[in-house]
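Enquirer: Just dropping this structure here.
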Amino acid sequence: MEILYEDNHCIAVNKPHGLPTQEDESKDESLMDQVKEFIKERDQKPGNVFLGMVHRLDRPVGGVVLFAKTSKGASRLAEQFREHLIEKVYLAMVEGTPEDTEGTVVEWIEKDTKNNIVMGYDHEMPNTQRAETTWRVIKADAANTLIEVRPKTGKPHQIRSAMRRIGTPIVGDLKYGARDRMGNTIGLFAKSLSFNQPVTGKRITVNAKPTHEVFSLSNR
């Protein structure tokens with residue numbers, strides 16, 4: 001359990017790749033289960049521990065996840081996500097090299113809940129939501145490129161779809177065009193999250209570093 005930030009109202013941890021943020025149909029232990037148990041044991045709390053989930057990362061994605069420790073924290077953080085006051089920065093290791101060194105992808109995406117995948121369109125369609133993602137190349141080798149990604153909206157799978165659209169799918173992401181699977185891991189990592197502290201309003205930025213070997217390049 002790598003705690004990145006904690007106060008009376010919230011706690012941020014570094015989610016490992018392949019671990020579900022909350023319980024899913026697999027019934028595998030989730031990050032939320034682990035954080036609850038950690039707080040219960042550390043603080044010797046009797047009964048159930050309150051932990052509010054205000055956002056999530058896909059199971060194969062690693063990085064910063066923020067939880068609320070109080071109901072007040074949960075409602076105020078959830079409002080910040082709805083109002084787009086949360087700033088998120090990701091690292092994506094992709095196959096190949098994009099034609100440009102930076103850009104913005106605007107897609108209208110439609111979620112296929114049965115197959116847990118989205119379709120991205122270059123124009124508005126029925127049942128679609130607008131997704132905007134900016135990106136820039138950090139470095140590359142002969143096979144892969146490390147890209148910094150900043151989603152301007154918070155739509156399902158928007159980064160994964162955006163990287164497919166620019167012709168460089170995320171390493172290991174078979175759903176969006178990658179060549180090979182990497183178990184329950186893809187080359188996407190939430191490296192930072194900025195939010196306003198739920199009570200004081202102070203701007204806080206939480207950072208994490210990826211440790212998975214997928215984020216290594218031969219020329220680093």
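Enquirer: Apply the a/c threshold of 1.5 to the C-alpha gyration tensor of region 138-186 and tell me whether it is rounded, prolate or oblate.
Expert: Since a/c reaches 1.5 but b/c is at least a/b, the shape of region 138-186 is classed as oblate.
Enquirer: Please work out the FRET efficiency for the pair Arg165 and Lys139, using the Cβ-Cβ distance as r and a Förster radius of 25 Å; give the result to the nearest 0.05.
Expert: 0.70
Enquirer: Run the numbers for Glu79 and Met1: contour at 0.36 nm per residue of separation, minus the present Cα-Cα distance, in nm.
Expert: 25.4 nm
Enquirer: Over region 3-210, what relative contact order in percent results from Cα pairs under 8 Å that are six or more residues apart?
Expert: 22 percent
Enquirer: Given a Förster radius of 41 Å and the C-beta distance between Asn8 and Glu124 as r, what FRET efficiency does 1/(1 + (r/R0)^6) yield to the nearest 0.05? Present the calculation step by step, with values, prior to reporting the outcome.
Expert: Working: r = 43 Å, r/R0 = 1.05.
Step by step, r from the Cβ atoms, then E = 0.40.
Enquirer: Can you compute log10 of I(q)/I(0) for the chain with the Debye formula, treating each Cα as one identical point scatterer, at q = 0.09 Å⁻¹?
Expert: One equal scatterer on each Cα of the chain leads to -0.37.
Enquirer: Between Asp180 and Asp28, what FRET efficiency follows from the Cβ-Cβ distance if R0 is 25 Å, with the result rounded to 0.05?
Expert: 0.60
Enquirer: Excluding residues fewer than 8 places away in the same chain, name every one of the lysines whose C-alpha is closer than 28 Å to that of Lys69.
Expert: Counting by Cα, and skipping residues close in sequence, Lys69 has these lysines nearby: Lys15, Lys27, Lys36, Lys40, Lys45, Lys88, Lys152, Lys155, Lys191, Lys202, Lys209.
Enquirer: Starting from the Cα-Cα distance between Phe38 and Asn207, subtract it from 0.36 nm times their residue separation and give me the gain in nm to one decimal.
Expert: Numbers: separation 169, 0.36 × 169 = 60.84 nm, distance 2.06 nm.
Going from the current span to full extension adds 58.8 nm.
Each reported figure results from applying straightforward, stated rules to the coordinates on display, with no laboratory input. Because the structure is predicted, anything quoted here is derived from the model rather than measured. Virtual Cβ from ideal backbone geometry, glycine too; neighbours counted across all protein chains shown.
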